[in-house]
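Taking it in order: structure first as structure tokens, then the write-up.
The values are calculated or read from the model by the stated rules, or taken from the named source; none is laboratory data. Quantities reported herein were computed from a predicted structural model and do not represent experimental measurements. We place every Cβ from the backbone using ideal geometry, glycine too, and count neighbours over all the protein chains shown.
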Amino acid sequence: MLKRAGGSIVNVGSIWALIAVGATPSSAYSAGKAGMHTHTRNLAIEFAAQNIRVNAVAPAVVETPLWDTFLTSQERVKSNRARSPYAGYAQRAARVLPT
């Protein structure tokens, strides 16, 4: 990116880096994602002069096998409808786009 004089970096964070979650033992995961969010902000400042954008996305809940281990399908639907106007969770991407 430095040779091309610009580019974009997108990190995948988590909403759990920003809020405390009591649903699972998540302190290590949350701390790791919080560090990644801070790293993203610092890199954005460091690379701004080289026309390199650095951002992070922080999805809320993504349905994965791990998610299924601590909430039943009915509990997820009830919990989500109480908090979200769209009444659905993100699903894992079928494939990863090439970089």
Enumeration of residues in segment 37-52 that are exposed (fewer than 15 other Cβ atoms within 10 Å of the Cβ) and outside any helix (DSSP H, G or I): Asn51
Residue list for segment 8-30, restricted to those being within 13 Å of the chain's Cα centre (by Cα) and touching a residue at least 12 places away in the same chain (Cβ under 8 Å): Val10, Asn11, Val12, Gly13, Ser14, Ile15, Trp16, Ala17, Leu18, Tyr29, Ser30
Search result, residues across segment 24-36 that are modelled with pLDDT under 75 and exposed (fewer than 13 other Cβ atoms within 10 Å of the Cβ): Pro25
From Asn80, Asn11, residue being modelled with pLDDT under 70 and surrounded by 11 or more Cβ atoms within 10 Å (Cβ to Cβ): Asn80
Conditions (1) surrounded by 10 or more Cβ atoms within 10 Å (Cβ to Cβ); (2) part of a loop (DSSP other than H, G, I, E, B); (3) at pLDDT 85 or above; number of the one not met by Ala5: (1)
Segment 53-68 - residue that is part of a loop (DSSP other than H, G, I, E, B) and of a type in the set (A, V, I, L, M, F, W, C) and, of those, modelled with the highest pLDDT: Ala58
